[in-house]
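J.: Before we start, here is the structure in question, set down as structure tokens.
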Amino acid sequence: MDWPGEEDDGGGPAGLHWKTRPLVDWAGNRPFVWLDDEITDVDRAWAAAHHLAPALLHRVDHRHGLTDGDFAAVAEWLRLRLSGAPAAP
């Protein structure tokens with residue numbers, strides 16, 4: 001996807017990451033997973049309010065990169081999505 005410049009935050013509440021709005025717009029009505037080291041509760045709340053499909057916004061610890069725990073969280077979210085069971089955001 002094409003990212004806008006970081007300086008173009010597109011508005012939104014204080015603390016909303018500059019990637020959140022473009023990513024949700026790009027996803028449209030599709031489920032998506034976003035792994036990033038700067039995701040906050042503000043991003044999760046905004047995505048939940050503005051994105052109708054399931055989405056996993058998972059924060060990665062920048063000091064360690066992607067770990068087995070991160071992959072396990074994504075795998076569990078996908079497993080729940082495929083089974084039709086509700087999942088925590």
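The numbers here are math on the coordinates, done by the rules we state, and not lab data. In this text the structure is predicted, and so the values were computed from the model without any measurement. All Cβ positions, glycine included, derive from the backbone under ideal geometry; neighbour counts span all protein chains shown.
J.: Restricting attention to region 14-52, and to residues there that are aromatic (Phe, Trp, Tyr) and touching a residue at least 24 places away in the same chain (Cβ under 8 Å), which single residue is surrounded by the fewest Cβ atoms within 10 Å (Cβ to Cβ)?
T.: So the residue we want is Trp26.
J.: If I ask for residues that are of a type outside the set (Val, Ile, Thr) and either in contact (Cβ under 8 Å) with a residue 12 or more places away in the chain or closer than 24 Å to Ala14 by Cα (or both), which ones from region 53-64 would you list?
T.: First pass over region 53-64, keeping only residues of a type outside the set (Val, Ile, Thr): 53-59, 61-64.
Listed by number, the residues that qualify are Ala53, Pro54, Ala55, Leu56, Leu57, His58, Arg59, Asp61, His62.
J.: Test Thr67 against the stated conditions and say whether it is of a type in the set (Val, Ile, Thr) and in contact (Cβ under 8 Å) with a residue 24 or more places away in the chain. Lay out the reasoning, then the answer.
T.: Working: of a type in the set (Val, Ile, Thr): yes; in contact (Cβ under 8 Å) with a residue 24 or more places away in the chain: no.
Spelling it out, it is not the case that Thr67 is of a type in the set (Val, Ile, Thr) and in contact (Cβ under 8 Å) with a residue 24 or more places away in the chain.
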